[in-house]
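Trainee: Sending over a structure as structure tokens; questions will come in a sec.
Values in this text are rule-based calculations from the coordinates and carry no lab data. Because the structure is predicted, anything quoted here is derived from the model rather than measured. Here Cβ is always computed from backbone atoms with ideal geometry, including for glycine, and neighbour counts include all displayed protein chains.
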Amino acid sequence: MNQTQNKRKTIAIDMDGVLANVEPQLVKYYNKYYGASLTLETIQGMSGAEAFPKDAPTRYMLNQPGFFRDLEVMPGAIDAVRQLMEDYEVYVVSAATEFPFSLFEKYEWLQEYFPFIDWRHIVLCGDKSIISTDYMIDDYCKNLDVFKGKTLMFHAYHNTALHHHFRVRSWSEVVDWFEIEKKQDNPWKAVAKDA
């Protein structure tokens, strides 16, 4: 999965919190299981442990059948990924092995919403430090911090106070960033295309 194996540059895209809108599902399940009254607004700027303080029960919630399968797609993600695939090799990379039900549910979810992504470009792993693409889009700094390529931090409730990776707040911002990146990578191609 690196540039030497491929003429086109490669992008690793996280699933939960980047392609799949996990925040509303976390809030919904947490409120349902624990009688809480959390909202998306009240958890902004909190770590996962602060927003969802009942750790063992929260892990139980994440292991419930359907939790990952029923996630909504992030607005603009499908069109943006299609657009990125025109110029890049795109891989979906998700740390899925921690939650056993998530493996099959994530694969099914990708087949429903992103059927144009080849199965060889889906990486369900436990530790993303093994990923060696040119770019990584993720919402967790623990993944971005160990990554050796260029990073984009997708905005999420738990990373609002972190600023050591380039932040994108939407899929349109991702596409815009890669348009600029392409021009910087090959300024002559950009000039020819704009002419």
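Trainee: Taking the alpha-carbon set of the stretch 6-92, what are its Rg and Dmax in Å?
Mentor: 16.0, 52
Trainee: Still on this structure, please answer the following. Between LYS7 and TYR33, what FRET efficiency comes out of the Förster formula 1/(1 + (r/R0)^6) with R0 = 45 Å and r the beta carbon distance, rounded to 0.05? Before the final figure, lay out the partial values.
Mentor: Values: r = 49 Å, r/R0 = 1.08.
That pair, TYR33 with LYS7, gives E of 0.40.
Trainee: State the antiparallel share, in %, of DSSP beta bridges confined to the chain, rounding to the nearest 5.
Mentor: Within the chain, antiparallel bridges account for around 10 percent of the total.
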